[in-house]
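Everything on this sheet refers to the single structure shown next.
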Amino acid sequence: MMRCIPPSSDTYDILGIGFGPSNLALAVAVSSSGYNGAVGFIEDKTAFSWHGDMMLPGAKMQVMFLKDLITQKDPTSPFTFINYLHEQERLNSFINLRALYPSRNDYQGYFAWAADKFSHCVQYACSASMIAPIENATGEVEGFEVHCHDLRSGERTIKRARNIVMATGGSPALPCGISPQDLSARLFHSSQYLSRLEALKATEKNPALRVLIVGGGQSAAEIFQHVLHEFPHARVDLAVRNHSLMPANSSAFSNEIFDPASVDAFYESSATIKEHTLRHLRHTNYAAVDEDLIQALYGQLYEERLAGHDRARILNYHALTHVTKDDQFLDVTLRDERTQATTVNRYDTVILATGYNQQHAHRLLSGVDHLLLRHPDGSLKVARDYSLETRPSVSARLFVQGPTEHSHGLTSSLISILPFRAHDILSAASKAPDTHLHDKTALAMECI
Ligand code: NAP
């Protein structure tokens, strides 16, 4: 039985920062483990949501439905996707659907259903700004403070924990030369797509709207298809930096890279093999488009041409290098990667489907940076149990879910091994001695 701490409390055995699928899987693992430490989560969104701005109609999961929060580890758990369907009285219909890859919308509903069962353990609209060490009288770091900001009331608080599990998700990766401050209602990242689309539809009456989508991954392809559908008179360009849209490598043998055993093998590999594996299997995940979608897009472009329209183009080998904007237009510099020639095209809207950066969590670490160990290339050393390696004076643990591709491989930013990773983290956190953090914190403060 999970011992949750109500949001008003401030001392935890395990405090999760972020409450998306990764820490949700941790909550599920805790609830079925018999762990009786105090566990809580903070999340800066106001309610559970998962890629809400990319919930496009008809979008399918790219991960098989059995790779849910718990099934691979415990198929008898009440938190399986199958039990969700059963509770929703949709199990038979789902079976009739014969869908190994359900809709993203259905899976988002599953995650939200599971998250709802832990709502008493989560403080939503609570943003962490910094993590700082708590030292005892002998100088041992036996806990961490998390500086929090309630986004609704504005109140600033401090939460303390012996184990922190950071799972803050990816942040938009922007092309060189474009900073978050440059983003606007007309120049935005794919992670804002649906919110911005509504505004665009409401204000944009221009029948000859010109839209540029940048990127060669699943987000770019899904948005390209959606914009063509939603704006039947718009001129729509898709700039792809390589030859063209590449199919995701989802063959059975390649897919084994997402097996739990592959994480062990990757973790034990040399730096050279790690780098080779990430490069060799890149299209299992990155810059990779579902083959059915590629086929559908090709068919759609063919039909457009047949009807004598030329409103949709894929600009192969084109990278976005620069954007200037005035009140009305965006002038976009595109570089042809084969010739290095640049052209400037004018658009009304530019959508950057340029991927995600997993280093977001690191912004919280400035207060503990001096305690963390790094590789010669500057990357953080991460133990197999997903804890950050620290100086010997630190007995408290900082775990990370997400920014571990360099150490644990391609599963790091995906949902493929959620129950295994949650189990590894919980096992490691459970082994920590009970330090009565609250009392010793008081002691440490008295000693200062
Ligand atoms: P992504 O796969 O990382 O693709 C980003 C793309 O942006 C790459 O093709 C990259 O080109 C391109 N790019 C970056 N900078 C550029 C520039 N300056 N000019 C032109 N192109 C540029 O990102 P994503 O498509 O957002 O996918 C991220 C993850 O979300 C993946 O795991 C994907 O499977 C998942 N996803 C899933 C669904 C679904 O389940 N239905 C939907 C959307 C996304 P290079 O290839 O040259 O680097």
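The values are calculated or read from the model by the stated rules, or taken from the named source; none is laboratory data. Bear in mind the structure is a predicted one, so any value in this text is a computation, not a measurement. Positions of Cβ are backbone-derived with ideal geometry, glycine not excepted, and every protein chain shown enters the neighbour counts. Surface accessibility is based on the protein's heavy atoms, side chains included, excluding ligands, DNA and RNA. Shrake-Rupley method; radii C 1.70, N 1.55, O 1.52, S 1.80 Å.
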(request) Return one number: the angle in degrees, 0 to 90 and rounded to the nearest 10, between the long axis of the Cα atoms of helix 21-31 and the longest principal axis of the Cα atoms of the chain. (result) 30 degrees
(request) Please give the residues of the stretch 390-420, grouped as numeric ranges, whose backbone N is less than 15 Å from a label point set 7 Å along the Cα-to-Cβ vector of Ser171. (result) 403
(request) Would you please classify the overall shape of the stretch 173-232 from the alpha carbon gyration tensor, given that a ≥ b ≥ c denote the square roots of the eigenvalues, rounded means a/c under 1.5, and beyond that prolate means a/b larger than b/c while oblate covers the rest? (result) oblate
(request) Any chance you could get the radius of gyration and Dmax over the Cα atoms of the chain, in Å? (result) 23.5, 80
(message) So if a site counts as exposed when it's one of the chymotrypsin sites (Phe, Trp or Tyr not before Pro), its DSSP state isn't H, G, I, E or B, and it has at most 16 other Cβ atoms within 10 Å, what's the longest stretch of the chain without one?
(response) 1-316
(request) Note the angle between two axes, namely the Cα long axis of helix 418-430 and the longest principal axis of the Cα atoms of the chain, as a number of degrees from 0 to 90, rounded to the nearest 10. (result) 20 degrees
(message) Over 31 Å between Cα atoms: which of Lys60/Lys381; Lys73/Lys117; Lys45/Lys73; Lys67/Lys381 fall into that group?
(response) Lys60/Lys381
(request) Give the long-range amide H neighbours of Thr390: residues separated by 5 or more places, or on another chain, with amide H under 5 Å away, using H modelled in the peptide plane at 1.01 Å from N. (result) Leu373
(request) Select from Ile131, Ile158, Ile70 the residue whose mean-square fluctuation is largest in a Gaussian network model of the chain (Cα-Cα springs shorter than 10 Å). (result) Ile158
(request) Any chance you could run the full-extension gain for Ser127 through Ala185? It's 0.36 nm times the residue separation minus the Cα-Cα distance, nm to one decimal. (result) 18.4 nm
(request) Determine how large the accessible area of Asp385 is when every protein chain is in place; take a 1.4 Å probe and give Å² rounded to the nearest 10. (result) 40 Å²
(request) As a check on your grasp of the helix formula, calculate [θ] at 222 nm for the chain: sum -39500 (n - 2.57) over DSSP H runs of n ≥ 4, divide by the residue count, round to the nearest 500. (result) -8500 deg cm²/dmol
(request) For the chain, with all protein chains present and a 1.4 Å probe, just round the carbon and sulfur fraction of the accessible area to a whole percent. (result) 53 percent
(request) Compute the distribution of all C-alpha to C-alpha distances in the stretch 1-139, in bins of 10 Å from 0, and list the percent of pairs in each, rounded to whole numbers. (result) 11, 37, 31, 15, 4, 1, 0
(message) Probe of 1.4 angstrom, ligands and nucleic acids ignored: what's the accessible area per residue over the chain, in square angstrom?
(response) 48 Å²
(request) Work out the FRET efficiency for Ser32 and Tyr267 from their Cβ-Cβ distance, taking R0 = 30 Å, and round it to the nearest 0.05. (result) 0.75
(message) Give me Rg/Rg_expected for the stretch 277-395, where Rg uses Cα atoms only and Rg_expected = 2.2 N^0.38 Å with N residues.
(response) 1.64
(message) What distance in nm separates the two pseudo spin-label positions at Thr333 and His309, each 7 Å out from Cα along the beta-carbon direction?
(response) 3.3 nm
(request) Using a 1.4 angstrom probe on the protein heavy atoms only, line up Ser427, Ser387 by accessible area, largest first. (result) Ser427, Ser387
(message) Given bins 10 angstrom wide, list per bin the percent of all Cα-Cα distances in the stretch 349-434, short to long.
(response) 15, 45, 30, 8, 3, 0
(request) Could you work out how far helix 437-447 tilts from the main Cα principal axis of the chain, as a 0 to 90 degree angle to the nearest 10? (result) 70 degrees
(message) I'd like the projected area of the stretch 252-316, averaged over all directions, using the convex hull of its alpha carbons. Report it in nm² with one decimal.
(response) 6.1 nm²
(message) Can you tell me which aspartates and glutamates have their Cα less than 16 Å from the Cα of Lys201? Leave out same-chain residues fewer than eight positions away.
(response) Asp53, Glu230, Asp348
(request) Arrange the residues Arg160, Arg279, Arg384 by how much accessible surface each exposes, largest first, with a 1.4 angstrom probe. (result) Arg279, Arg384, Arg160
